[in-house]
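Below you'll find the structure, written out as structure tokens, and then a few comments.
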Amino acid sequence: MNISVTLPDGSARELEEGSTFSDLAASIGSRLAKDAVIGVADGQEVDLTTPVQADQNVAVVVADSDRGLHTIRHSTAHVLAQAVLELWPDATFAIGPPIENGFYYDFDLGGDAFNDDDLEKIDAKMREIIAADQPFIRSEMSAADAKEVMAQHKYKREIIDRVSAHEDDSELAGEADGDVISFYRNSDQFIDMCMGPHVPSTARLGHFKLMKVAGAYWRGSEKNPMLQRIYGTAWATRKQLKQHLVRLEEAAKRDHRKLANELDLLSFPPELGGGLAVWHPKGAIIRKLMEDYSRKRHEEGGYEFTYTPHLANAKLFETSGHLDFYEDGMYPPMEMDNGTYYPKPMNCPMHVLVYKAQQRSYRELPLRLFELGTVYRYERAGTLHGLMRIRGFTQDDSHIFVTQEELAKELASLLAFVLSVLRAFGFEEFQAKLSTKPEGKAVGGDEIWDHATQALRAALEEAQIDYVVDEGGGAFYGPKIDVDVRDAIGRSWQLSTIQADFNLPERFDLEYVAADGTRKQPVMVHRALFGSVERFFGVLTEHFAGNFPLWLAPVQVEVLPVAEAHNEYAQKVEQLLTDKGLRVQTTLATMPLGKRIRNAKKQKLPYVLVVGDDDVAQQSVGVNPRGGEVERGVPLDTFALQLTEELA
């Protein structure tokens, strides 16, 4: 007896009853059968050994796809756990999910720690397991039986208790679900609790590399035991693995923390505390240029500037809901004689107070408020990462108050503004995500959600950038657009957000007088363009590898006299260029010229000028441009004009 299923292109395919997804792949083609890793049945990922059911919508996932790579990394994490438990029989294991570009697994060695030599031993054991071609075999059992199987592994037993209690916890994703616990066994010696699916056997793996060991608190809490986390990367092919490792090498060269130190831009003094930076003069110049440009563009774009304090009474955050929804991310309260105060984690409640300070008319809308406002959020020590994850940072924060009728027009204009500013900083490739109404509790009715979501979608389509839809991924208070940029080495960074908000206008009873004299509630739009000044600076530093474009370079030109006899002329060149608004420094001839040139190159300066006897006589300069050919005898006035034109 045959059954019929529907393929992704809408076509039907006949299969014998009892056929598996592996059979389905083989029926389509030998290449697909070879490349297949899992199947999809009515949107649910399944193992290739799963029987196909009649009338299902089905698909086959290949290794070289996002879903396929996710599966490969998940399965490789299992092999990592198996290898560690074979080498350290007394170890216990916790969780081991796939992550972007790789995977990790957490282990408890009873107080011991892995070292680099251990990674080599683990790698060798993993390759033995892969060579053994062990099948991944799924089974299911009750929570009680599952706890018996995991009797030696306390972290797994805790997970079973939590899922049995139906706790909603993102840490449990992929581990277990509900009352029935699923397991995967790929040898008589190793079984792991997991929802799956997995590749058919360990032989489908092998293009991996173990990267590093790090400490990680169980469930991310300092109150819990410190575990040993092994990170790795895994890919579908050897070529992909090699390309990724090359990208990592390049990323390491571009690390903003490394470059910030080498270029004397900023630092993270331990005396200051984790997640807090001090900006050195050169870094501060770049930051000021970024902020000045942002202010200029906002002023031209019809925004009104505001300033708000760094802390506020707890009552404000009670009204806004931050104490209900975000207290874990806030710093502890300060008890004063006139009330309880918190450092602000967001600027938005204070911008609401600016709006509410007087009665508003429809004629004033859209009202666009803008602030470079510093906020403070408590990030766990293990999550801090230079400027990318920091505890005190400044947002180029805008809040726009607009009527529902004007919302679509405003959002289209707002997205165009965002993209224009990002392009000015050298980004050209964008990917956006539209997040829609979540299931369950959400502020506002379907009509206002649909209106705002369609307005965001229309803005994306008018901007003509690629986007994906995250169905149900919006916050409870409104749909949003997140804009990612792609940097010079192909990495994606989430920077800008445009978020509709139906919650704060309701919580603060915001209103405006409409044209017909009635009082209506505005829609509030949150917009962070840089995301934060600090993180954007970090992304820019890595994007340009410290080779900042001329307009952002803290020092645009360095003048080097060949010998002491040319010092006076070098200083004259510096003064002339400085008078034209350029940032110039001179390093006098107190050390050999070659060493001074090398030092200037290390500072990644856009232009190095060398001046000698001929230049003094001819009023010229030798131009050594970053990444270009040296040009001798360039008239000084000509060079100055070229630079001012380049800046313009």
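Contact map, the stretch 1-18: first residue at positive phi, second residue open to solvent by less than 100 Å² (accessible area, probe 1.4 Å), Cβ cut-off under 8 Å, separation 6 or more or different chains; pairs are Gly18/Pro51. Taken over the stretch 583-611, the criterion of being in contact with a Phe, Trp or Tyr (Cβ under 9 Å, 6 or more places away or on another chain) and part of a loop (DSSP other than H, G, I, E, B) is satisfied by Lys604, Pro606. If you go through the stretch 494-544 and keep only what is among the small types (Gly, Ala, Ser), over 19 Å from Ala424 (Cβ atoms) and under 28 Å from the mean Cα position of the chain (by Cα), you end up with just Ala500.
So which of Leu353, Leu372, Leu367 ends up being under 24 Å from the mean Cα position of the chain (by Cα) and not hydroxyl-bearing (Ser, Thr, Tyr)? Spell out how you get there, then give the answer.
Working: Leu353 fails: under 24 Å from the mean Cα position of the chain (by Cα); Leu367 fails: under 24 Å from the mean Cα position of the chain (by Cα).
Checking each option against the conditions leaves just Leu372.
Against the test of being outside any helix (DSSP H, G or I), surrounded by 18 or more Cβ atoms within 10 Å (Cβ to Cβ) and touching a residue at least 24 places away in the same chain (Cβ under 8 Å), the options Leu577, Leu560 yield a single qualifying residue, Leu560. You will find that of Leu419, Leu460, Leu456, the residue that is closer than 30 Å to Leu550 by Cβ and either charged (D, E, K, R) or part of a helix (DSSP H, G or I) (or both) is Leu419 and no other. Ala176 fulfils the conditions (1) modelled with pLDDT of 90 or more; (2) surrounded by 15 or more Cβ atoms within 10 Å (Cβ to Cβ); (3) in a loop (DSSP other than H, G, I, E, B) except for a single criterion, (1).
Within the stretch 394-437, the set of residues being open to solvent by 30 Å² or more (accessible area, probe 1.4 Å), under 26 Å from Phe537 (Cα atoms) and touching a Phe, Trp or Tyr at 6+ places or on another chain (Cβ under 6 Å) is empty. Restrict the check to the stretch 21-38 and report whether at least one residue is in contact (Cβ under 8 Å) with a residue 40 or more places away in the chain and open to solvent by less than 30 Å² (accessible area, probe 1.4 Å). Yes. For the stretch 438-450, the criterion of being in contact (Cβ under 8 Å) with a residue 24 or more places away in the chain, open to solvent by 10 Å² or more (accessible area, probe 1.4 Å) and assigned to a helix (DSSP H, G or I) is satisfied by at least one residue. Note on the stretch 423-437: among residues that are outside any loop (DSSP other than H, G, I, E, B) and either modelled with pLDDT of 95 or more or among the charged types (D, E, K, R) (or both), the one that is farthest from Arg457 (Cα to Cα) is Arg423.
Under the condition of being open to solvent by 20 Å² or more (accessible area, probe 1.4 Å) and of a type in the set (Phe, Trp, Tyr), which residue from the stretch 540-552 is farthest from Arg486 (Cα to Cα)? Looking at residues that are open to solvent by 20 Å² or more (accessible area, probe 1.4 Å) and of a type in the set (Phe, Trp, Tyr), I get Trp551. Do we have Arg138 as closer than 21 Å to Ala63 by Cβ, more than 30 Å from the chain's Cα centre (by Cα) and part of a strand (DSSP E or B) here? Considered against the rule, which asks whether it is closer than 21 Å to Ala63 by Cβ, more than 30 Å from the chain's Cα centre (by Cα) and part of a strand (DSSP E or B), Arg138 comes out as yes.
Taking the condition within 29 Å of Arg247 (Cβ to Cβ), under 33 Å from the mean Cα position of the chain (by Cα), touching a residue at least 60 places away in the same chain (Cβ under 8 Å) and loosely packed, with under 15 Cβ neighbours inside 10 Å, does Asp64 pass? Yes: the conditions hold for Asp64.
For the criterion of being more than 21 Å from the chain's Cα centre (by Cα), open to solvent by less than 50 Å² (accessible area, probe 1.4 Å) and within 30 Å of Lys223 (Cβ to Cβ), Ser320 passes.
Residue check: is Lys209 touching a His at 6+ places or on another chain (Cβ under 9 Å), open to solvent by 80 Å² or more (accessible area, probe 1.4 Å), among the charged types (D, E, K, R) and assigned to a strand (DSSP E or B)? Yes: the conditions hold for Lys209. The number of residues in the stretch 334-393 that are in a strand (DSSP E or B), open to solvent by less than 40 Å² (accessible area, probe 1.4 Å) and not hydroxyl-bearing (Ser, Thr, Tyr) comes to 11.
Within the stretch 599-631, if we keep just the residues that are surrounded by fewer than 15 Cβ atoms within 10 Å (Cβ to Cβ) and more than 45 Å from the chain's Cα centre (by Cα), the residue that is nearest to Leu576 (Cα to Cα) turns out to be Gln619. Filtering the stretch 275-301 down to residues that are open to solvent by less than 40 Å² (accessible area, probe 1.4 Å) and assigned to a loop (DSSP other than H, G, I, E, B), which residue is farthest from Arg377 (Cα to Cα)? Applying the filter and picking the extreme gives Gly301.
State yes or no: is Val555 touching a strand residue (DSSP E or B) at 6+ places or on another chain (Cβ under 6 Å) and either part of a helix (DSSP H, G or I) or crowded, with 21+ Cβ neighbours inside 10 Å (or both)?
no
Screening the candidates Leu80, Leu15, Leu87 for the property of being out of contact with any Pro (no Cβ under 7 Å at 6 or more places or on another chain) and surrounded by fewer than 17 Cβ atoms within 10 Å (Cβ to Cβ) yields one hit, Leu87. Residues in the stretch 238-266 that are outside any helix (DSSP H, G or I) and surrounded by 15 or more Cβ atoms within 10 Å (Cβ to Cβ): Asp255, Leu263, Leu265, Leu266. Scoring Gly531 on the criteria (1) within 17 Å of Gly373 (Cα to Cα); (2) open to solvent by less than 10 Å² (accessible area, probe 1.4 Å); (3) assigned to a loop (DSSP other than H, G, I, E, B) leaves a single failure, condition (2).
The values are calculated or read from the model by the stated rules, or taken from the named source; none is laboratory data. Since the model is a prediction, treat every value here as computed from it, not as a measurement. Positions of Cβ are backbone-derived with ideal geometry, glycine not excepted, and every protein chain shown enters the neighbour counts. Calculation scope for accessible area: heavy atoms of the full protein, side chains included, ligands and nucleic acids excluded. Shrake-Rupley method; radii C 1.70, N 1.55, O 1.52, S 1.80 Å.
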